[in-house]
Amino acid sequence: MPSTSASAIEDLAATARELHRDAFARNGSAEPLRGDAHAEYLRGGLGALPQVFVSLDASRAWMAYWCVHGLAVLGRVLDDEVRTRVVGFLDACVDARRGGFGGGPGQMGHLATTYAATAALVTIGGDDAREVIARADVKRFLMSLKEKETGGFRVHEGGEADARGCYAAMASAHMCGCLDNDVRSGVGAYVSRCQTYEGGIGGEPGGEAHGGYTYCGLAACALAGDFGTLDLENLERWLVNRQGEIEGGFSGRTNKLVDGCYSFWQGGCFPLLRRANDVMLLQFMERSKMTVGGRTVVGSDDLGLEARVLGACAATMFTSGAFESSSTPAAFSSGALQGWILDCCQSDNGAGGLRDKPGTGRDHYHTCYCLSGLSLAQHHGRCGLVEVVGPAESNALVEIEPLVNVVKHKYETWMRALT
Amino acid sequence: MAMTEKLVTTCPEVTTGWNRRKEAVELGAETAEAARDWWSEELRVSEIALRNAPKSYPSWYHRKWTVSRMIRTMGRESETVRMTLERERALCSRLLDADDRNFHCWAYRRFIVQSLGVTTEEELEYTLKKIEDNFSNYSAWHQRSAILDARGDVDSATLKGEFELASNAFYTEPEDQSAWMYHRWLIARARALKIPDERDAAIASALEICREVAELEPGCKWPLLARASLEDEKSRRDVLDRLSSIDPARVGYYRDVA
Ligand SMILES: [Zn+2]
């Protein structure tokens, strides 16, 4: 059985068209978001995170992130008891010998789960969450996995290196306050080698472009402040063509079916691209001492930024939003993406949880990334404007920071305290 | 070893289990004879893991690690290595019959055919068969680009044949994006041709075909998208205007690039 025959793509488009039509007939718009049901489903995921004991499941740190983040995007607050239990659980995931976080207590440190645990702690916030992170240990862990020759990172001791590793390392370092030149050097060059002629980024040189790697590669470059020789124009061309015109969602690869989780992986690239173009423009102006509004641009202080552009961490300016002023629509269709998530990715019959596509079951991973994608479509479809499809009371979500996929105000609070 | 076998075949994501096995192999593989047994054991175990979870990163990585060790220790010419590589190629074919878009498997296959010294023609033949089975299978198209690139510069005769293959797909199913994506690689390689006449001729004939398909299929965006990167400035604007009207979901993008 071919996994993506042309007929499978047609079938999914037909199903989506019908769901969109039904939703419109019922609501005059897209489906309302069933926030309460989704929150309950996510709370259940945290409940299933057992007390601290050693198990084989390597995705429990991820489970903590998916649920904590999903709830934060829905604007829900964790009960004190749950909050304390999750912080304790993540603390038990620390691999004291190597320095990172494993997928569960007693497991070997892994870059992906180090990112997940850190992002969950940033979302939870507070002193006890901060205390779990030992900056020097994280730095030691990252450097032990860095491949000096290529600039890439192995995902764990004795493991493979790929664009995921780069992203997890950059994002963890950024949130732990140890993103320095040792950590970032060579990342832009490494990711650039993984970009294919399609425009997207593959897992390794020669590989096929893939939505997850594309987000990871682009966000890693943005965090490192180094885009290497990435062809951003070709990247954008690939991205826009991943959005299905009837379904409204994104597929992960050339000629694959649309899938809810790529709402974030592909959709999250658009705000990053826009900022990347601004950074590159500014770096160009810096080099050539161009003038802006009659003034010679010497440093970014002139433009009211927090940091100088060159030599400073680009992530700082990335998140300052200094350049996002025009209200032109983004290159993707935010309305269509919201319609896909609301009409096609919510579970059937009013149940909580979101899914890959109609006909598949819900899971916590897809619930997290569908909600993240919905938030970013609302907040990044048009610069400086929030556009919510469907009733705002139920559908409006909390804004996320696309660089790290953490709720923006929690991220900002955390980073301000990080000195 | 029995314990880690149980662990990695049921929970392949537990990297500790794979690492334990790697350590044991390193320690145990002191003589060439002993090493051979250890390696075949690793291939057996990781195959079970892959049959249970064909998209597990650690299982694929462990397999590649094992084969790399064998090659490094015994050399590519060794009969044992050659036979192993042949078996690996057959395993890839089996797994790709089950899921023709498994990118882990395609990447591993590239490593195997390269180690085996399979000729470019032979692997092109394989991808052609996969494309004929299902020409929406972009991974097989992509494999063609990867193995041709691995051989070095692509000459104009090869390009001519590849352009024809893509064109056949355009005329059969113009809405299918796989061949159109492969076409972008062909254009990039045509632009890299060293002899200016050959280069200009290749680009001109590619453009001609895109114009023809666009005429035959006025509602199809792919030939127009290809033309947008081939036409001169004035025609390019017209093409982008037409794209905006037939593909309104992406007007923001067409406006950006205009
Ligand atoms: Zn998915």
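Coordinate-derived values only; no laboratory data. All values reported here derive from a predicted model rather than from experimental measurement. Because the Cβ atoms are built from the backbone with ideal geometry, glycine has one as well, and the counts that use them run over all protein chains shown.
For the reader, a short list of remarks on this structure follows.
- Value of relative contact order over region B:119-258, rounded to a whole percent, pairs C-alpha under 8 Å and six or more apart: 17 percent
- Region A:119-159 and region A:342-419: distance between their alpha carbon centers, rounded to Å: 25 Å
- Across chain B, the relative contact order, built from alpha-carbon pairs under 8 Å that are at least six residues apart, equals 10 percent.
- Ordered by the number of other Cβ atoms lying within 10 Å of each residue's own Cβ, fewest first, B:SER139, B:SER40 fall into the sequence B:SER40, B:SER139.
- q = 0.11, 0.14, 0.17, 0.19 Å⁻¹, region A:43-175: log10 I(q)/I(0) [Debye, one scatterer per Cα]: -0.35, -0.57, -0.82, -1.01
- DSSP finds beta bridges in the protein assembly as shown, and of those with both partners inside it, around 100 percent are antiparallel.
- Crossing angle, helix B:32-52 versus chain B [Cα axis fit, 0-90 degrees, rounded to tens]: 50 degrees
- Region B:206-238-region B:2-58 distance, computed between alpha-carbon centres (Å): 52 Å
- With distances taken between every two different alpha-carbon atoms, region B:119-258 has a Kirkwood hydrodynamic radius of 15.8 Å.
- Relative frequency of Cα-Cα separations exceeding 41 Å in chain A, percent: 11 percent
- With contributions of -39500 (n - 2.57) from each DSSP H run of at least four residues, the per-residue ellipticity at 222 nm computed over the protein assembly as shown stands at -19500 deg cm²/dmol.
- Cα-based Rg of chain B normalised by 2.2 N^0.38 Å, two decimals: 1.28
- Once the Cα atoms are used to define both axes, helix B:233-246 deviates from the longest principal axis of chain B by about 70 degrees.
- Isotropic mean projected area of the C-alpha convex hull, region B:1-118 (nm²): 6.7 nm²
- Per-residue Cβ neighbour counts within 10 Å put A:LYS357, A:LYS146 in the sequence A:LYS357, A:LYS146, beginning with the fewest.
- With at most 14 other Cβ atoms within 10 Å, longest stretch of chain B clear of loop trypsin sites (Lys or Arg not before Pro) (DSSP): B:77-193
- Under conditions of 25 °C and 0.890 mPa s, region A:327-419 yields 173 µm² s⁻¹ as its translational diffusion coefficient, taking Rh as the Kirkwood radius over Cα pairs in the Stokes-Einstein equation.
- The relative contact order of chain A comes to 19 percent, based on Cα pairs under 8 Å that sit 6 or more residues apart.
- Helix axis angle, B:103-116 relative to chain B longest principal axis, alpha carbon, degrees: 70 degrees
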